[in-house]
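The values are calculated or read from the model by the stated rules, or taken from the named source; none is laboratory data. What you see is a predicted model, and the numbers here were worked out from it, not measured in a lab. Note that each Cβ is placed from the backbone with ideal geometry, even for glycine, and that neighbours are counted across all protein chains shown.
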Amino acid sequence: MDEMKQQLSAMMDDELDLDANPHLLLAATHSDDIVKSWAEYHLIGDALRREAMQVDVTARVMQQLANEPTVLAPPPGFKTLSLPRYAAAASVAAVTLVGWMAWHGDVTSTPASVAQNIAKEPVAMTSEAFDSYLLAHAEYAPNNGLQRNRDVQLVAYSEPQRQ
Amino acid sequence: MFRYFLSLLLIVLPALSSAADDSWLMIEKAAQAAHKLNYKGVFVYQVANSMTAIQITHSNFGNSGEFARLTVLDGAPKEVLRQGDDSVIYKSRSQKVLIEKRRIQSGFPAVLPKITDGIKANYQVQVGGAERVSGREASVVTLMPRDKSRYISKLWIDKDSGLLLKLASLNDKNEIVEQVGFNQLVLFNNDNMDWFRPNEEPNKAYVMQPEETVVPATEADNWTMSQLPQGFHKIEQVRRMSPFRNVVVTHLVFCDGLTTVSLFFEPADKVATRKQGIMTQGATSMYVTTVADHQVVVLGEVPPATVIQFANAINFK
């Protein structure tokens, strides 16, 4: 807990540039009073006063984050899975899942005219891939047309329900 | 007699068109209400055989913008905090919480489009009486597409607040393929923001997932599109990392005013690993195929035949 407080005071002293990333801070918000007041002051307060984050700073920090996964306040003794390893694990999973088809939605009754165009073999596309494309689709058509249930899909499907 | 009929027509026609105008206006107002009002409730998203209940709290502080928190009540714990145009997703795993930042700026009930000439050309609006949804009186409005290449959308709009209470996509047999609607809804009016924070899990590590980089696609590419389904136009064209692999893909977005379709393509892998097939999930169809050594993925809220039509429209030089 002390270590966390140190990190957080470093944050408050601007040694860690989390100012521009209220969501990171939110993530680190535990029951600690200091943190809470910090979060409230900076996130809610700023937002309400409309002095929120600077875009350029956000971009820079997000770039840093992209280069180096940030782990906030790992509990002592708990080994955090680093991102590269996680990514590797994910791609291995993807490889082994190729050919997988029994994905949680319906595989529709395909119209006959359509069926002719489709190879007999199953889609070598995982539900993870489907979800990834779905999210990419949702992100890139945000201002147009009916947004259907995009953020619902986002939460309902950004993590495949394979169980 | 004929004169009588003619004068009747003259009375009825303007009445009909003004009823349509009123309905478009109702949709426009519902779109605004979803952004402007403060509300909380639970809505249920139903697709295929699965049902997900989601709790929502939404506030608008005028110049400060919109805030929303969504909590998934079924299945794996997930939360979304939305502030302005940014959505941050918290996915709770056994020993950590993954944080993902996304650009999705709105969601149910703030899903209705701007009313444009495009939407009016491709859909006819019909008013269909009143129904009760989550204990509230709703007007039913149906958007009938000009052809079978898109779904019918049915909207239930709260008579009292103007808010969208329920939205369903129906196929040409009038069967619901996907729907989302409130089970509970209350409107509130205060400035308390205590709810705008994620559930805290002090014993877990919070891991930020990297964001994608996206650049506008350069023209003078080696592809052209021919014969799009009627009414669709290209509205966006970018290059991005493949949503799933470590390669650059081109992402095209098409819209008819209401419905959007994405087409992704990238150079195909060696023949052995090429993919082909179609799947649907509720109103979303996805078609994966290979065209002239390119892996093409088409995805959109359209019937399966339409995504195939899009894939068939792309040509590579």
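Return yes or no: is B:SER23 buried (at least 21 other Cβ atoms within 10 Å of the Cβ) and either over 20 Å from the mean Cα position of the chain (by Cα) or among the small types (Gly, Ala, Ser) (or both)?
Details: buried (at least 21 other Cβ atoms within 10 Å of the Cβ): yes; either over 20 Å from the mean Cα position of the chain (by Cα) or among the small types (Gly, Ala, Ser) (or both): yes.
Taking the combined requirement at face value, the residue satisfies it.
This table checks each residue for (1) under 28 Å from B:GLY282 (Cα atoms); (2) loosely packed, with under 15 Cβ neighbours inside 10 Å; (3) in contact with a Gly (Cβ under 6 Å, 6 or more places away or on another chain); (4) modelled with pLDDT of 95 or more.
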residue	(1), (2), (3), (4)
B:ILE157	yes, no, no, yes
B:GLU175	yes, yes, no, no
B:ASN189	no, yes, no, no
B:ARG245	yes, no, no, no
B:THR250	yes, no, no, no
B:THR260	yes, no, yes, no
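Kindly establish whether B:GLU201 is within 14 Å of another protein chain (Cβ to nearest Cβ), at pLDDT below 80 and within 27 Å of the chain's Cα centre (by Cα).
Against the criterion (within 14 Å of another protein chain (Cβ to nearest Cβ), at pLDDT below 80 and within 27 Å of the chain's Cα centre (by Cα)), B:GLU201 does not qualify.
Just to be sure before I move on: is B:GLU100 over 21 Å from B:LEU25 (Cα atoms) and crowded, with 22+ Cβ neighbours inside 10 Å in the structure I sent? Explain how you work it out, then say what you get.
Working: over 21 Å from B:LEU25 (Cα atoms): yes; crowded, with 22+ Cβ neighbours inside 10 Å: no.
No; evaluated as a whole, the condition is false for this residue.
Would you be able to tell me the number of residues in the range B:84-107 that are farther than 18 Å from B:ILE56 by Cβ, at pLDDT 75 or above, of a type outside the set (S, T, N, Q) and assigned to a loop (DSSP other than H, G, I, E, B)?
Residues in the range B:84-107 being farther than 18 Å from B:ILE56 by Cβ, at pLDDT 75 or above, of a type outside the set (S, T, N, Q) and assigned to a loop (DSSP other than H, G, I, E, B): 1 in total.
Could you look through the range B:162-209, keep only residues that are of a type in the set (Gly, Ala, Ser) and part of a strand (DSSP E or B), and pick out the one that is farthest from B:TYR151 (Cα to Cα)?
As a first pass, look at the range B:162-209 and keep what is of a type in the set (Gly, Ala, Ser): B:162, B:168-169, B:181, B:205.
Adding the requirement that they be part of a strand (DSSP E or B) leaves B:168-169, B:181, B:205.
Details: B:ALA168: 10, B:SER169: 6, B:GLY181: 18, B:ALA205: 43 Å.
Of everything passing the filter in the range B:162-209, B:ALA205 is farthest from B:TYR151 (Cα to Cα).
Can you tell me which residue in the range B:55-67 is surrounded by the fewest Cβ atoms within 10 Å (Cβ to Cβ), limited to those that are free of Cβ contacts under 8 Å to residues at least 24 places away in the same chain and facing chain A (nearest Cβ under 9 Å)?
So the residue we want is B:ASN63.
A quick yes/no check of all residues on (1) farther than 19 Å from A:LEU135 by Cβ; (2) in a strand (DSSP E or B); (3) of a type outside the set (A, V, I, L, M, F, W, C):
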| position | (1), (2), (3) |
| --- | --- |
| B:ALA33 | yes, no, no |
| B:GLN46 | yes, yes, yes |
| B:THR52 | no, yes, yes |
| B:HIS58 | yes, yes, yes |
| B:ARG82 | no, yes, yes |
| B:LEU112 | yes, no, no |
| B:GLY118 | yes, no, yes |
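Do you know which of the residues in the range B:283-299 that are within 7 Å of another protein chain (Cβ to nearest Cβ) and under 19 Å from the mean Cα position of the chain (by Cα) is nearest to B:ILE176 (Cα to Cα)? Walk me through how you get there before you give the answer.
First, the residues of the range B:283-299 that are within 7 Å of another protein chain (Cβ to nearest Cβ): B:283-284, B:286, B:288, B:297, B:299.
Cutting the leftovers down to under 19 Å from the mean Cα position of the chain (by Cα) gives us B:283-284, B:286, B:297, B:299.
Values: B:ALA283: 9, B:THR284: 13, B:MET286: 18, B:VAL297: 25, B:LEU299: 19 Å.
Looking at residues that are within 7 Å of another protein chain (Cβ to nearest Cβ) and under 19 Å from the mean Cα position of the chain (by Cα), I get B:ALA283.
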